[in-house]
Amino acid sequence: MIRATSKGFRLHIGLFGRRNVGKSSLLNAITRQQVSIVSEVPGTTTDPVEKPMELLPVGPVLFVDTAGVDDVGALGAQRIEKTRLAIARSDVGVLVAESGVWTEFEEKLLAELRAQGIPVLIAVNKADLRAPDPEHLYRFEQEKLPYAEVVATTGKGVDEFRARLWEIAPAESIATQVILRDLVGPDETAVLVMPIDAEAPKGRIKQLQAQSIRDLLDGESCCVVVKDAGLQKALDNLKTPPSIVVTDAAVFDQVARVTPDSIPLTAFSILLSRLKGDLVAQTKAAVAAGSLRPGDKVLVAESCTHHPIQEDIGRVKIPRWLEKSVGGELQFTHVKGRDFPQDLSSYKLVIHCGACMWNRQEMLSRIAECQRQGVPITNYGLVIAFALGILERALEPFPEALAAYKEARQAQVEAAGVSLAN
Ligand SMILES: Nc1nc2c(ncn2[C@@H]2O[C@H](COP(=O)(O)OP(=O)(O)OP(=O)(O)O)[C@@H](O)[C@H]2O)c(=O)[nH]1
Ligand code: SF4
Ligand SMILES: [Mg+2]
């Protein structure tokens with residue numbers, strides 16, 4: 001079973017505002033799920049609704065959708081009290097206002113959030129109905145109050161909204177590195193598959209693998225470590241099936257064959273994409289591998305300069321698997337460290353290592369540069385899973401990335417259908 005990170009690990013983000021401004025709609029737009037009931041009747045949300053999720057690039061968060069606080073009467077007073085409690089436990093407050101509307105009520109709410117030292121992001125919602133009042137925006141800018149214009153019903157502006165959230169989230173909450181303990185409950189087991197091949201460091205295990213063990217222990221979870229050949233035996237020996245199997249992507253295909261479909265399965269480098277990169281963007285980019293044609297140029301980039309060995313994953317395995325799935329030869333260029341081409345225009349795809357040696361900011365800036373030049377950038381584990389036809393399965397633990405995968409795949413299949421029809 002995939003369990004939520006205990007609440008304590010998550011950044012608490014409260015959604016506040018008067019009734020009917022679209023707080024619940026905004027939560028649904030962010031999560032792309034119908035988490036909270038929406039209706040045109042003011043006062044729909046009566047008790048706070050909590051939704052834990054992985055919000056990229058922020059990390060594990062807990063959204064708390066609250067009741068509108070402009071309520072009147074006895075029931076209203078109770079709701080206001082609950083909302084006050086939600087304010088008290090928020091790490092970040094989102095003040096949802098209707099575009100063009102900013103009254104004493106919003107002022108009071110803002111003052112209350114600020115009085116508690118909570119960083120505030122203003123969501124100027126329903127921007128489709130009325131343009132924001134330039135005076136309000138001027139005031140936000142003067143006071144350095146971050147804001148984002150959104151249309152919660154269509155999702156417009158939500159990416160910008162996330163970016164703003166990341167900017168204001170307290171640094172220490174972002175620095176908390178959750179590798180996989182949010183996917184495994186306390187007392188549940190994760191099986192980690194680590195092939196000891198020529199690529200494994202002598203006498204040690206890879207850094208991320210060691211950190212994963214520590215992360216599981218911090219989450220009060222159990223951890224079984226095996227080589228690929230020992231996986232079947234380990235699964236047979238476990239009384240209760242593990243909550244997840246995480247493997248080195250180099251043996252993804254063997255491990256996928258041995259692991260029953262009922263057990264979630266992913267790869268260390270996919271965990272790295274979530275930890276150091278942008279899992280949703282890199283997932284969409286992995287799907288772009290499905291549009292490659294023989295002869296296309298692919299850039300394979302590694303963050304550090306470990307020396308190549310015979311069955312090297314970036315030089316041998318990935319090219320072999322990709323060319324098989326494309327049905328012809330591709331032109332691969334390999335780069336290492338900070339030796340990264342400035343002009344990426346000739347490449348159809350960039351495949352990056354997990355960047356375990358880098359901090360997240362560095363990897364995100366590389367992703368941003370590729371995106372600026374319009375070249376999809378994915379990562380080793382994601383593209384391997386795609387080439388092997390197991391990406392959907394490998395993304396099951398990450399609902400947001402899974403939704404992005406399905407959407408991108410659907411668009412690709414439709415586009416292929418159109419081009420075949422032409
Ligand atoms: N046109 C438009 N309508 C929106 C937008 N966001 C929300 N709505 C509509 O506004 C109404 C209220 O939305 P909710 O999300 O329920 O609002 P809320 O703030 O959660 O309301 P309470 O729970 O009552 O406090 C619904 O009819 C939504 O469809 C938007 O961006 N544009
Ligand atoms: S930085 Fe990249 S190439 Fe170097 S060990 Fe980590 S994942 Fe491998
Ligand atoms: Mg609501």
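The values are calculated or read from the model by the stated rules, or taken from the named source; none is laboratory data. What you are looking at is a predicted structure, and each value in this text was computed from that prediction instead of being measured. Note: ideal-geometry Cβ built from the backbone for every residue, glycine included; neighbour counts use all protein chains shown. Keep in mind that these areas ignore ligands, DNA and RNA; they rest on the heavy atoms of the full protein, side chains included. Shrake-Rupley method; radii C 1.70, N 1.55, O 1.52, S 1.80 Å.
In straight-distance terms, cross-link reach from LYS227 covers every one of the lysines whose alpha-carbon lies under 29 Å from its own, apart from those fewer than eight places away in the same chain; here that gives LYS202, LYS206, LYS239, LYS276, LYS317, LYS324, LYS336. Once both labels are positioned 7 Å from their Cα atoms along Cα-to-Cβ, the gap between ALA115 and THR154 label points is 3.9 nm. Using only Cα atoms, locate the centre of the stretch 16-68 and the centre of the stretch 225-270, then give the distance between them in Å, rounded to an integer. About 36 Å separates the Cα centre of the stretch 16-68 from the one of the stretch 225-270. The shape of the stretch 229-363 can be summarised by an equivalent ellipsoid whose semi-axes, obtained from the alpha carbon gyration tensor, come to 29, 18, 14 Å from longest to shortest. Its residues counted as N, the chain yields a C-alpha radius of gyration over 2.2 N^0.38 Å of 1.07. Computed over protein heavy atoms with a 1.4 Å probe, the carbon and sulfur contribution to the accessible area of the stretch 185-267 reaches 53%.
Once every DSSP H run of n ≥ 4 in the chain is given -39500 (n - 2.57) and the sum is divided by its residues, what mean residue ellipticity at 222 nm do you get, rounded to the nearest 500 deg cm²/dmol? -11500 deg cm²/dmol, from helical runs alone. Karplus-derived 3J(HN,Hα) values for the stretch 85-90, using 6.51 cos²θ - 1.76 cosθ + 1.60 with θ = phi - 60°, are 4, 5, 4, 4, 9, 8 Hz; glycine and proline are entered as x.
The ratio of the alpha-carbon radius of gyration of the stretch 63-149 to the globular-protein estimate 2.2 N^0.38 Å is 1.11. Using a probe radius of 1.4 angstrom, the carbon and sulfur fraction of the accessible surface of the stretch 333-422 is 53%.
Counting only DSSP beta bridges with both residues in the chain, the antiparallel share comes to about 15 percent. Of the residues LEU165, ALA123, PRO146, the one whose Cα sits farthest towards the positive end of the charge dipole of the chain is LEU165 (charges of +1 on Lys and Arg Cβ, -1 on Asp and Glu Cβ, taken about the Cα centre). For trypsin sites (Lys or Arg not before Pro), the sites in the stretch 58-159 that DSSP calls loop and that have at most 15 other Cβ atoms within 10 Å are ARG89, ARG130, LYS144. About the centre of its Cα atoms, the stretch 267-373 shows a dipole size close to 220 debye [charges on the beta carbon of Lys, Arg (+1) and Asp, Glu (-1) only; nearest 20 debye]. Compute, for the chain, the length of the dipole vector about the Cα centre, with Cβ point charges of +1 (Lys, Arg) and -1 (Asp, Glu) only. Units Debye, rounded to 20. For the chain, the charge dipole is close to 700 debye.
With both residues required to sit in the stretch 54-187, DSSP beta bridges show an antiparallel share near 25%.
Rg and Dmax over the alpha-carbon atoms of the stretch 260-332 stand at 14.0, 39 Å.
The Rg/Rh ratio of the stretch 16-59, with both radii computed over alpha carbons and Rh defined as the Kirkwood radius, is 0.99.
GNM on the chain, alpha-carbon springs under 10 angstrom: the most fluctuating residue among GLY230, GLY68, GLY314 is GLY230.
Cβ-Cβ distance of ASP343 and ALA77, R₀ of 60 Å, FRET efficiency by 1/(1 + (r/R0)^6): the value works out to about 0.45.
Between ARG315 and LEU85, the distance separating the two model label sites (each 7 Å from Cα on the Cα→Cβ line) works out to 6.1 nm. When the chain is described by a simple charge dipole with +1 on each Lys and Arg Cβ and -1 on each Asp and Glu Cβ, the residue from VAL49, ALA394, ILE384 located farthest towards its positive end is ILE384. By the Stokes-Einstein formula, at 1.567 mPa s and 4 °C, the stretch 209-300 with its Kirkwood radius over alpha-carbon pairs has D equal to 85 µm²/s. For the stretch 226-238, the Karplus equation 6.51 cos²θ - 1.76 cosθ + 1.60, evaluated at θ = phi - 60°, returns couplings of 9, 7, 4, 5, x, 5, 4, 4, 4, 5, 4, 7, 7 Hz by residue, with Gly and Pro reported as x. Annotation: extensible slack from SER365 through SER39 equals 113.4 nm (criterion: 0.36 nm per residue apart, minus Cα-Cα distance).
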